[in-house]
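These notes concern the structure reproduced below.
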Amino acid sequence: MPMLADIVDGVIGVDTHRDTLAAAATTPIGRILAQTATSADAAGYRALLDFADAQIPDRRCWAVEGTGSYGAGLTTFLLAHCERVVEVGRLKRPASRTGAKTDAIDAVRAARDVLGHEHLALPRRRGDREALRVLLGCRRNAVSARVAAINQLKALIVSAPDGLRAELRGMATTTQITRCAGLRDRPARSLEHRTTIRVLRITAQRIQQLHAEIDELGSQLTTLVDAIAPWLVDLPGVGPVTAAQVLVSWSYAGRLRSEAAFAALAGTSPIPASSGQVTRQRLNRSGDRQLNRALHTIVIARLRDDPDTRAYAARRTAQGKTPREIRRCLKRFTARQLFKLLERYDQPGIEILRAA
């Protein structure tokens, strides 16, 4: 596979921030041609494109840091103008005596970083997949807040006055939440008792509100997934939330070069760690951890409900594999299966389920 330096006349590296953009144009060997800084708005995007036309008028590539955050607006603008854009990860400051760092230096580093990579990261697609990402993020925060609120409610019950604690202990969590949400304080009780009841009621009502919010977000995710890839939720173990995460991480056909790259993105590909006469592999703990979590959820559901997966697990157990090793093998298989189906799905006119 040719390196980027072999197919372009130059690279424009961009260090992005909330209000400003710093850019540097470099040659294919990393020599700086020019540098500039603009505002992070429509006028600034136009100025950067004019800067690129002046410095590298023909074959060029943009190396943008944070295409999904501070660089999202610039990336959308450049793609709309048919520019080639690759994503740069968080730049590491090289070890040096001075440790110099400025936005201009980071822009140069961004350009030089992509010149040295064989495999380049393409920005994710916006539109419907960005809508899924926003919904997933909001739902994830709501779930975390609900768990924190339930933990707070449990702690309040443990330390509540004796009579109140005896009344609420021993109930299921759902029953406790319902009972606490309907508690009423009595003027005859002590200040501690009345205050505890108020806090229990507020906390329980917050949990109910978060539960309703999670249900609403889940319904919206289901509607979007059904519109984008209705066949995905028909696969064993795949629900609307996991399907949405897979679609967001994968984004579109051609973004990832192979199923092995998708597995590496998901953190399910083993990493070679051999040295000398020792040949071994270690667990991949990098990649998109939310995608890894989605694959784990799919595998757990398949181990519970899918006969084929259960038969595979039984066979591998007989061969001496541990449950953890079996789950890792299944996650790698699931990543391969989903990637192949997604790549075929994105080509119009193909019935995925029938072809699979």
Cα-based Rg and Dmax for segment 128-228, in Å, come out at 17.3, 59
Once both label points are put 7 Å beyond Cα along the C-beta direction, the residue 140-residue 18 separation in nm becomes 2.1
Between residue 183 and residue 297, with labels modelled 7 Å along Cα→Cβ, what's the label distance in nm to one decimal, could you check?
-> 3.1
Could you give the nm distance between label points at residue 336 and residue 50, where each point is 7 Å from its Cα heading toward the beta carbon?
-> 5.4
Rounded, prolate or oblate (a/c below 1.5 giving rounded, otherwise prolate when a/b exceeds b/c) for segment 4-115 by Cα gyration tensor | oblate
Expressed as a whole number of Å, what is the distance separating the alpha-carbon centroids of segment 191-266 and segment 278-340?
-> 21
222 nm mean residue ellipticity, helices alone, for the chain (DSSP H n ≥ 4; -39,500 (n - 2.57); rounded to 500) = -18000 deg cm²/dmol
Cα-based Kirkwood hydrodynamic radius, segment 292-333, one decimal, Å = 10.1
With r as the distance between the Cβ atoms of residue 318 and residue 286 and R0 = 30 Å, compute the FRET efficiency 1/(1 + (r/R0)^6) and round to 0.05.
-> 0.40
For the chain: lysine pairs under 30 Å (alpha-carbon distance), excluding those fewer than 8 apart on one chain | 4
What does the charge count near residue 8 come to, summing +1 for each Lys or Arg and -1 for each Asp or Glu among other residues with Cβ under 11 Å from its Cβ?
-> 0
Taking every C-alpha to C-alpha distance in segment 198-251 and binning by 10 Å from 0, the per-bin percentages run 24, 38, 20, 15, 4
Calculated Rg and Dmax of segment 232-355 using C-alpha coordinates, Å = 15.3, 51
Give me the Debye-computed log₁₀ of I(q)/I(0) at q = 0.06, 0.07, 0.11, 0.15 Å⁻¹ for the chain, equal point scatterers on Cα only, no solvent, two decimals.
-> -0.35, -0.47, -0.95, -1.23
Proximal charge balance of residue 217 [Cβ under 13 Å; K/R count +1, D/E count -1] | +1
What FRET efficiency, computed as 1/(1 + (r/R0)^6) with R0 = 41 Å and r the Cβ-Cβ distance, is obtained for residue 117 and residue 152, rounded to the nearest 0.05?
-> 0.30
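Readers should treat all values here as calculations from the given coordinates under stated rules, not as data from a laboratory. On a predicted model such as this, the values are computed, not experimentally measured, just so you know. All Cβ positions, even for glycine, are placed from backbone atoms using ideal geometry, and neighbour counts span all protein chains on display.
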